[in-house]
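In what follows, a single structure is set out as structure tokens and then discussed.
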Amino acid sequence: MKLHEFVVRRLLLLIPVMIGVAIFTFAIAHIIPGDPAAIQCGDKCGLVVDYTEDGEPITAYEENRIRLKMDDPVLVQFDRYIRDLAAGDWGESLLYHRPVVDVVKDAAPITLEMSFLALFIAYPLGIFLGIVSAVRQDRMFDHISRFFAIAFVSLPIFWFAMMLQLFLATGTENGGICDPIFGTEGGCFPIYGRHDPSFTYPEDGYAWFYPAGGTGFHLVDSWFVTDDKLTSLPEEFGSNWLLFKDTLLHLALPCAALGIASAGSLLRYMRASLLEVLNEDYVRTARAKGLSEWRVVIVHACRNALIPIVTILGFSIGGAIGGAVLTETVFAFNGMGRVAVTSIQYLDFVVIMGVTLITSVIFLLSNLIVDITYAIIDPRVRLE
Amino acid sequence: MRDWDEGKEDRDESLRRLREALSQSRSDLSRSWAIYRRSLLAMLGLFMVISVSLVAIFAEYIAVEHPYRNLLDTEDKWSIDYEPRRAEPFSEECDWHEQKITTNPNSPLFSEIVVAESDDKVGDDSRFYRDTLSVIQIIKLEDFQGYDLNSSLISINSSNSSLLVLSPELYGNTSLYSGVWVTYEFDNEAMHHWWLPDGYDVCIFGTNDQGHDMFSKVVYGAKVSLKIGITVATLTVIIGTIVGSISGYFGGRVDEVIMRICDIFFAVPGLILAMAFVAAMNQITSLTIPIWLGILFPIFVLAAFSNTYLSSTVSDDDQVSEQVMSLLMRYRGVLLALFSFFFFMGWMPGASWPDFFEISESRGWRAFAALGILAVLGAIIIADRRFFLNTSFEGGLDRIKDSFDWTNPWRYLTFRTLAVFVSLALLFSFSGNEGEEIVLIKDFDRLWKVQAALIFTGWPGYARLIRGQVLYVKEMTFVEAARSVGARPGRIMFRHILPNAWAPLLVAFTLDIGGTILSASGLSFLGLGADAYTAEWGLMISESRRYFLLSPHLMLYPGLAIAVTVLGFNLLGDGIRDVVDPKNRR
């Protein structure tokens, strides 16, 4: 199979899955108790807002039902739902009173920024420790690093995040273990939020900073604030670098909480994968040629050992978005995870549908990219 | 007698072989143990799992108080009181109690002598608990705004240590008419538990803001978490194995459909899906199914099995009833073992499982059982093809009777049986009994919902795992050999493929217990898990979040408990992986 055939095949396979996810979200939204028409009008459901042509009164509740077209058969509703999805109209949130697309557009970059940064830290760390662990198999370092790898996978992520806050964050009175190590006073990382509380965007700020809306990734956006706008900010955020630093410091603890489990599992995968490769004949050949051990491991063995690791990337992105639900709750980030929790708590089913859909789209696309990468670096896959 | 002597050598030989086989199987187990024992981490994991299980089993004896103490009506065995506010571990504040005293003489509640009693209550006033306390010393006295007063204004009655005597300055002072707060140390005999050393009659993990002993809650939490972990992992394994082996063995379109469904499940993050699922089940208070569904479902399952038999053996039409053999009859031992396992589980972690067995008391269940018996009889009568072939009625009843195969009634479960059952069941469901429902779980509380959600989100992982294993084993020569001698799919599946595919399943099962405990605590942390005040570790962390900078110990111990339990299962799973890894078995 040629590469482009492979890609097309994978893309076509996405379609039934996407339709399935749409059916799934639709079904969940219709099972969830709670009448959206009643939620929207709250305690004013009985008010008469209009009259029919025959002079019959229409209450606010009935008007909502008519407006949301809830009296249609379920299949008609589903048909309309799919059409609206395709047209980009994902409905309006009952809780935020904004279009779901806007809610998701605001929330998604926050989660993605955090997840990507977490994986960006976890991958090199996990792979490096995995290599060292495999090379020093059954020595002390191996045992210790494996124990910690399993231990980090076993930690409840929300608890670990709170422990990080307790020991490393500011505002905890004791300053944790941060003060003696880094010589700071009262902790070294901000305790929650995306920005320092003393720093607020001016009125209608974000749009003003980034007339085109920005990317939503503050790590990127902070470099594109023009100088004249920077001068309007407080002294400590007066340059692009300071803005970037502030964002980065706020991301440090959430990313550590999110990335540590990924790093742990990566270490184990990398170790197992490398140990398998190290037994191959060509590695023995490389050694027999008299190459240095590190060259054998890094250049010869790691190339093949890294191939299976690529497949895990897709799942770690999914896992990171799932873990973001907990991390964002602890660190008060208004990302997709928090939006999902809030919308489920308040039964805002339009947003639940939107968030579920968008997370699955992100997951499927990242898996698609991973699969294509895999097919490029390992041509054997395409033959199947 | 001569025959007996002649066969002696053969008998000895077969006995010797049997012994050899037995000794080999024993050595196999001991070899596994030897491999397992090599790893220190695996032994550590085993130790952790065993200790947590022991703590869960003997929670009543280890814990100082019942975690639902305040939520239940007064029962003597839980009549212990703490100071109802957060106390540090090992602090003497654990024995302190704060009590409001009316100091306005004009109030009808006023009295010069006040009984020292706990004012411990949670929730609505109908669940209210109060106990008289024996006071040792007065710690401090505060006015209503929190300013310290001279604590000698209140003294302990010399003859009865549970009575506090107010001095006239206290109730003569109009500025104190809004009342005072007295904090005193009380004699907490009940806190001194059998396993505590002398002098340590304190709460070793501190108390939470409700005045509950954290140690007791953490101990009881082991029960809840293990129950969730084991139940969910077992049920997901069963569902996943069934679906995955069907998918892997039959392949083709069935495989394609099942795998696409699994893809859908994988595409949505599990936690979000579980959250939505719990929310969707919010208003369900008891899990019931309509009777007609209860009848149809097992029939559909059985029909699905007999259906596969028919399709695979359809070539020889007359042999059909010969070849339709009973999976259930064959594996009744396995079923019995599974049932006993669940029964044991129901007995051990308490709480919800006993509800499952109350189905026998519902009328619906009895009707269901009666109908099941009728259905099997009907199947035997109607579905036997020889009955239809021999309907000449020569020879009368005897002939019909001879045509039955009484030894294996399951073989009559075929398409036609299904058709008969469907009509029977529909007839029954429309005959004025709509109100009757089979109650599966009477009290479908939040813990049940969490378990249901985790099973719902968890099975695709196993399905995919088992499918991969089946695909791999299916191509092996011994499976081909079995197929070539005419073994049926069910036999190949259960006798040849699954026994060779169980190793990764066992590893995944062990690891999944830990993973489930993590997810369940995560759900509880988000407020979508266990009901308020349940001794669930995730919920305990969530409840103490408000105070976590002031009293980190409230979240420290439940979190450590989760970490230790999950770590134990993960290490155990890793150890088992080393054991079942063929590379280690040389």
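Read the figures in this text as sums done on the coordinates, not as results from a lab. Computed from a predicted structure; not experimentally measured. A quick note on method: Cβ atoms are made from the backbone with ideal geometry, for glycine too, and the neighbour counts reach across all protein chains shown.
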Worksheet item: What FRET efficiency would be calculated for the residue pair A:LEU95, B:LYS100, taking the C-beta separation as r and a Förster radius of 56 Å, to the nearest 0.05?
Response: 0.90
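Over all residues in B:258-265, what is the mean tally of Cβ atoms on other chains that come within 10 Å of each residue's Cβ? All intermediate terms of the calculation are to be shown ahead of the outcome.
Numbers: counts 0, 2, 5, 4, 1, 10, 11, 4.
For peptide B:258-265, the averaged partner shielding equals 5.
Below 8 Å between Cα atoms, with a sequence gap of 6+, how large is the relative contact order for chain A in percent?
Numbers: 457 pairs, mean separation 92.4, N = 384.
For chain A, the relative contact order is 24 percent.
Given the pairs B:LYS100/B:LYS227; B:LYS100/B:LYS217; A:LYS2/A:LYS105; A:LYS289/B:LYS474; A:LYS44/B:LYS449; B:LYS217/B:LYS449, which span a C-alpha to C-alpha distance of over 30 angstrom in this model?
Details: B:LYS100/B:LYS227 41 Å; B:LYS100/B:LYS217 27 Å; A:LYS2/A:LYS105 36 Å; A:LYS289/B:LYS474 41 Å; A:LYS44/B:LYS449 33 Å; B:LYS217/B:LYS449 21 Å.
Long pairs (Cα-Cα over 30 Å): B:LYS100/B:LYS227; A:LYS2/A:LYS105; A:LYS289/B:LYS474; A:LYS44/B:LYS449.
Could you work out the helix-only [θ] at 222 nm for chain A, with each DSSP H run of four or more residues adding -39,500 (n - 2.57) and the total divided by the number of residues, to the nearest 500 deg cm²/dmol?
Mean residue ellipticity at 222 nm (helix-derived): -22000 deg cm²/dmol.
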Practice prompt. Counting other beta carbons within 10 Å of each Cβ, put A:ASP196, A:ASP54, A:ASP227, A:ASP246 in order, fewest first.
Written response: A:ASP54, A:ASP227, A:ASP196, A:ASP246
Fill in: Average beta carbon contacts from partner chains per residue of A:24-32, 10 Å cutoff
4
Worksheet item: HN-Hα J couplings of the range B:49-62 from phi, Karplus 6.51/-1.76/1.60, θ = phi - 60°, integer Hz, Gly and Pro as x?
Response: 4, 5, 5, 5, 5, 4, 4, 5, 5, 9, 4, 4, 8, 7
Worksheet item: Using the Cα atoms as the points, what is the convex hull volume per residue of the range A:278-384 in Å³?
Response: 140
Fill in: Binned Cα-Cα distance frequencies in chain A - 10 Å width, integer %
4, 17, 23, 24, 18, 9, 3, 1, 0, 0
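Let me know the shape class of the range B:432-586, please: from the alpha-carbon gyration tensor, a ≥ b ≥ c as square roots of the eigenvalues, rounded when a/c is under 1.5, otherwise prolate if a/b is greater than b/c, or oblate.
oblate
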Worksheet item: Where in chain A are the DSSP H helices whose alpha-carbon span along the long axis reaches 24 Å or more and whose Kyte-Doolittle mean is at least -1.0?
Response: A:3-31, A:100-135, A:240-278, A:302-331, A:349-377
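Taking the number of other C-beta atoms within 10 Å as the exposure measure, put B:VAL219, A:VAL299, B:VAL479 in order starting with the fewest. Let's see the in-between values first.
Values: B:VAL219 23, A:VAL299 12, B:VAL479 19.
Fewest to most other Cβ atoms nearby, the residues stand as A:VAL299, B:VAL479, B:VAL219.
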